[in-house]
Amino acid sequence: MISLYDGGVYLVNGTSLIPESDPAKVEAMTGKAADKKEAKKGTIAYSILSAHNTADNMEHLKLRFDAMASHDITFVGIVQTAKASGMEQFPIPYVLTNCHNTLCAVGGTINEDDHMFGLSAAKKYGGIYVPPHIAVIHQYMREMMAGCGKMILGSDSHTRYGALGTMAVGEGGGELVKQLLRDTYDVAYPGVVAIYLDGKPNPGVGPQDIALAIIGAVFKNGYVKNKVMEFVGPGIASMDTDFRNGVDVMTTETTCLTSIWKTDEDTKAYLAMHGRGDDYKELNPAEVAYYDGCVYVDLSTIKPMIALPFHPSNTYEIDELNANLSDILREVEKSAEMIGGKNASFTLTDKIKDGKLLVQQGIIAGCAGGNYTNVIEAANALRGKNCGCDEFSLAVYPSSQPVFADLVKKGAVSDLMAAGAIIRTAFCGPCFGAGDTPCNNGLSIRHTTRNFPNREGSKPGNGQMAAVALMDARSIAATAANGGILTSAEGMDCFGKVPAYEFDRTSYDHRVYFGFEKGDKKADLVYGPNIKDWPEMSPLADNIVVKVCSRIMDPVTTTDELIPSGETSSYRSNPLGLAEFTLSRRDPEYVGRTKEVDKLEKARTAGQNPLELDEELKNVFAKIRTISGNEEIQVMDTEIGSMVYAVKPGDGSAREQAASCQRVIGGLANICREYATKRYRSNVMNWGMLPFQMEEEPEFEVGDYIYIPGIRKALDGDLQNIKAYVIGDTIKEIKLYITDMTAEEREIVKAGCLINYNRNRQNR
């Protein structure tokens, strides 16, 4: 059972939940009157945030982190941005991993060229470089960097180490650049929600099951959106730390800001085993702690779960799905029709054989699935079994070389191989569509982090479509043992026999470059032919005209739709090359539209009158001059750019390319009803785009122009009532607004992007 409290709660002595509406009970238990303001300081989150806050108040935090991490989809752009902004060294430990090394066949040498750039950056600026196949980003950070009371910033959205007492935040590269420049991460003090765990998981129930159950309960209602999830309660003690890590990493899919867990002796043992016993300290809420909400989870009631395509919140108990296969799967097929459009189709009901669902592929991988405990339990389930010799296949990716080595010692690898599983190295490929792509119309069950469209690697625009359902490693193994027939692990009696993990860091000592505080300023960065500098971006003009180049009315738009993952990431170090894929799987005409607009802006900044190049734009300006107060508007003083409308954009990855790819080909603004995540909105601002919102339904279409006068002046005001005009056959006034922006964010947007802002600071 999972239940959500309607209001705030007090937690007394770490065990008793008392609704905010019953303060007398708090007083009866403690002998002191309930003090909500003081009790807010009693959370674990408050203690860590206050220790990292450099501001003189706790309402508007200015945070500095203890360490950072990036993988090879993002670190080239981050280093290039920081370098262009004046960075001379890495001021804190910065880990550059290479677990997103994309398909080497795409783009020739460019994959490994990025890695060599990363190594050279670690040597020049004093970083830590983890070569390909050694560890996935988050497993390395758990093993080597996380510690109680720390804060870590990562450029991957699943930067979550709360089970180790670390508040970790996944953000776009711009926020990491700020830390490299010794600036701060600025955020209003977040709400803190208690995740109260009670009871203990049943055999066969794994961390993915618990995580999916929580995601299903809170995602659609936004219960923890941009808040801290603080895990408390007696149920924590029923799970070892490796298990807790598996639950914790999936909290990103709730759209929370970060997570933190109560720590205990098991946390201490985990850190000590990894040679970092000094990084342990006990973290507990105070005698009385106040939370802005509470998710009560009775672990004993959680059953094996499945998240059907195309979102982690599309959750069902496996037993429920199996009992209602046709009805539930038809609903998924309706979503598939929208995703595939006219080019591709995907069906699920055709996979029902004799009343059972036959899947084509199983994957256990990455920061969520490749943990030691998960793989051991999968091996326990498959020992002496046979995955079958038909279409179903199983692949297992241990999350790091030390985990892999111990799985070999424990015999788990040979058990899995004997059952027919393929064992691979530490690679995040199945998580972002660059590894083990299933067949067309295939269904893959995965213990990974996401099942968004195209995360499995298919290309609906090219007539190919497959899909992913998320499950726990235990039920994936049970399904494999049943030849690919969807099977819950609940009925198997092989679980719970997990030998103690033995960590050996030798593989790290012999391959990882440990260069923190050893930077050589004279060393050169190693550039491959595909590594390009960021193009120049203009500062914001006094007035802007934006052309609507895409209009997306889906309830949620993911960052994978804004910029697809997978093989496109081979061009991650070439801003203009990567930008060619912007919205390619959602609105293939977008890039052509926005580039035509960008030609006009480039002409303007070069001193050429764009009205002489485009008759449509000439007519737009003629109409603008009929608006009272705008009779003398000059095109040379008006910035021209493209705009995307989406209802709720930004769910998913922290990759700033979702914003930067729009920007480098002429994007100037987004308009939406709300932003799905803070991180995407931050990326939009760091890349110099205006994060507009509007309450009304959009009465404009692709191809329309929107004129927004006095935008620089508006950025100096309260941002709540920004006049704009849709320029069509008639002129229609609309009301835009922008939610809270810090003073720095306003200046970044006015400067045109974070790089320009930092250059301006240097030149003052």
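The values are calculated or read from the model by the stated rules, or taken from the named source; none is laboratory data. Just so we're clear, the structure is a prediction, and the values are computed from it rather than from any experiment. Note: ideal-geometry Cβ built from the backbone for every residue, glycine included; neighbour counts use all protein chains shown.
Go through (1) within 23 Å of Asp729 (Cβ to Cβ); (2) among the hydroxyl-bearing types (Ser, Thr, Tyr); (3) part of a loop (DSSP other than H, G, I, E, B) for Ser550 and report which single condition fails.
Of the numbered conditions (1) within 23 Å of Asp729 (Cβ to Cβ); (2) among the hydroxyl-bearing types (Ser, Thr, Tyr); (3) part of a loop (DSSP other than H, G, I, E, B), the odd one out for Ser550 is (3).
Check off (1) surrounded by fewer than 17 Cβ atoms within 10 Å (Cβ to Cβ); (2) among the hydroxyl-bearing types (Ser, Thr, Tyr); (3) farther than 27 Å from Asp554 by Cβ for Thr349 and give me the number that stays unchecked.
(3)
Could you go through the range 647-658 and let me know if any residue there is under 39 Å from the mean Cα position of the chain (by Cα) and over 30 Å from Ile215 (Cα atoms).
No, that holds for no residue.
Could you please tell me which pairs satisfy a Cβ distance under 6 Å, a separation of 6+ or placement on different chains, a first residue in the range 11-27 that is closer than 27 Å to Glu282 by Cβ, and a second residue that is in a helix (DSSP H, G or I)?
Val12/Met29; Ile18/Lys25; Ile18/Val26
Residues are listed down the side, and each one gets a yes or a no for (1) at pLDDT 85 or above; (2) under 17 Å from Pro460 (Cα atoms); (3) crowded, with 24+ Cβ neighbours inside 10 Å:
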| site | (1), (2), (3) |
| --- | --- |
| Cys549 | yes, no, yes |
| Ile552 | yes, no, no |
| Val556 | no, no, no |
| Glu561 | no, yes, yes |
| Ser570 | no, no, yes |
| Asn574 | yes, no, no |
| Thr582 | yes, yes, yes |
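Residue check: is Thr582 touching a strand residue (DSSP E or B) at 6+ places or on another chain (Cβ under 7 Å) and more than 16 Å from Asp114 (Cα to Cα)?
Answer is no for this residue.
Cβ-Cβ under 8 Å, sequence separation 6+ or interchain: first residue in the range 610-632 and touching a residue at least 24 places away in the same chain (Cβ under 8 Å) and closer than 14 Å to Glu733 by Cα, partner among the hydrophobic types (A, V, I, L, M, F, W, C) and outside any helix (DSSP H, G or I). Which pairs?
Going by the 8 Å Cβ cut-off, the qualifying pairs are Lys623/Ile727; Lys623/Ile731; Ile624/Val545; Ile624/Ile633; Ile624/Ile727; Thr626/Ile731; Ile627/Ile731.
Just to be sure I understand, how many residues within the range 604-620 are in contact with a strand residue (DSSP E or B) (Cβ under 9 Å, 6 or more places away or on another chain) and not polar (S, T, N, Q)?
5
Restricting to the range 10-27, count the residues that are in a loop (DSSP other than H, G, I, E, B) and crowded, with 19+ Cβ neighbours inside 10 Å.
Total satisfying the criteria: 1.
When you scan the range 6-44, how many residues do you find that are touching a Leu at 6+ places or on another chain (Cβ under 8 Å) and of a type in the set (Ser, Thr, Tyr)?
Count: 1.
Can you say whether Ala194 is buried (at least 24 other Cβ atoms within 10 Å of the Cβ) and either acidic (Asp, Glu) or not in a strand (DSSP E or B) (or both), as far as the supplied structure shows? Full working, then the answer.
Values: buried (at least 24 other Cβ atoms within 10 Å of the Cβ): yes; either acidic (Asp, Glu) or not in a strand (DSSP E or B) (or both): no.
Spelling it out, it is not the case that Ala194 is buried (at least 24 other Cβ atoms within 10 Å of the Cβ) and either acidic (Asp, Glu) or not in a strand (DSSP E or B) (or both).
What single numbered condition from (1) within 26 Å of Asp554 (Cα to Cα); (2) out of contact with any helix residue (DSSP H, G or I) (no Cβ under 6 Å at 6 or more places or on another chain); (3) crowded, with 24+ Cβ neighbours inside 10 Å fails to hold for Cys753?
All conditions pass for Cys753, except number (1).
Kindly provide the set of residues from the range 501-534 that are more than 24 Å from Asn574 (Cα to Cα) and touching a Leu at 6+ places or on another chain (Cβ under 8 Å), ordered by number.
The answer is Tyr513, and nothing else.
Going through the range 228-240 one residue at a time, which ones are farther than 15 Å from Ala168 by Cβ and either touching an Asp or Glu at 6+ places or on another chain (Cβ under 9 Å) or surrounded by fewer than 21 Cβ atoms within 10 Å (Cβ to Cβ) (or both)?
Gly233, Pro234, Gly235, Ile236, Ala237, Ser238, Met239, Asp240, listed by residue number.
Of all residues in the range 636-663, which are within 13 Å of Ile708 (Cα to Cα) and either touching a helix residue (DSSP H, G or I) at 6+ places or on another chain (Cβ under 9 Å) or crowded, with 22+ Cβ neighbours inside 10 Å (or both)? Can you show your working first?
First, the residues of the range 636-663 that are within 13 Å of Ile708 (Cα to Cα): 637-643.
Those that are within 13 Å of Ile708 (Cα to Cα) and either touching a helix residue (DSSP H, G or I) at 6+ places or on another chain (Cβ under 9 Å) or crowded, with 22+ Cβ neighbours inside 10 Å (or both): Thr638, Glu639, Ile640, Gly641, Ser642, Met643.
Which strands (runs of 3 or more DSSP E) does the range 577-680 wholly contain that include 1 or more residues that are among the acidic types (Asp, Glu)?
Counting at least 1 such residues, we get 638-646, 649-651.
Of the conditions (1) among the hydroxyl-bearing types (Ser, Thr, Tyr); (2) over 25 Å from Asn454 (Cβ atoms); (3) surrounded by 15 or more Cβ atoms within 10 Å (Cβ to Cβ), Thr301 clears all except one; give me its number.
The failed condition is (3).
Taking the options Glu561, Glu596, Glu589, Glu612, name whichever one is within 22 Å of the chain's Cα centre (by Cα) and either of a type in the set (Asp, Glu) or more than 27 Å from Asp156 (Cα to Cα) (or both).
After ruling out the rest, the residue left standing is Glu561.
Return the only residue of Leu416, Leu394 being assigned to a helix (DSSP H, G or I) and crowded, with 21+ Cβ neighbours inside 10 Å.
Leu416
Here are some residues: Glu674, Glu701, Glu697. Which one is surrounded by fewer than 23 Cβ atoms within 10 Å (Cβ to Cβ) and without any contact (Cβ under 8 Å) to a residue 12 or more places away in the chain?
Values: Glu674 fails: without any contact (Cβ under 8 Å) to a residue 12 or more places away in the chain; Glu701 fails: without any contact (Cβ under 8 Å) to a residue 12 or more places away in the chain.
Going through Glu674, Glu701, Glu697 in turn, just one is surrounded by fewer than 23 Cβ atoms within 10 Å (Cβ to Cβ) and without any contact (Cβ under 8 Å) to a residue 12 or more places away in the chain: Glu697.
Please work out if Ala217 is modelled with pLDDT of 95 or more and touching a Leu at 6+ places or on another chain (Cβ under 8 Å).
yes
Would you please name the residue that is nearest to the chain's Cα centre (by Cα), looking only at residues in the range 740-764 that are hydrophobic (A, V, I, L, M, F, W, C) and farther than 22 Å from Glu601 by Cβ? Can you show your working first?
In the first step, residues of the range 740-764 are kept if they are hydrophobic (A, V, I, L, M, F, W, C); the result is 741, 743, 748-749, 751, 753-755.
Pick out the ones that are also farther than 22 Å from Glu601 by Cβ and you get 741, 743.
Values: Met741: 21, Ala743: 26 Å.
The residue in question is Met741.
What strands (runs of 3 or more DSSP E) lie completely within the range 690-739 and have 3 or more residues being over 29 Å from the mean Cα position of the chain (by Cα)?
Values: elements: 690-693, 705-708, 722-727, 731-736.
Strands (runs of 3 or more DSSP E) meeting the threshold: 705-708, 722-727, 731-736.
Within the range 507-530, how many residues turn out to be of a type in the set (Val, Ile, Thr) and surrounded by 20 or more Cβ atoms within 10 Å (Cβ to Cβ)? Can you show your working first?
Our first condition is that a residue be of a type in the set (Val, Ile, Thr); within the range 507-530, this holds for 512, 526.
Going one step further and asking which of them are surrounded by 20 or more Cβ atoms within 10 Å (Cβ to Cβ), we end up with 512.
Going through the range 507-530 one residue at a time, the tally reaches 1.
For the range 343-355, state whether one or more residues are at positive phi and modelled with pLDDT of 95 or more.
The answer is no; no qualifying residue exists.
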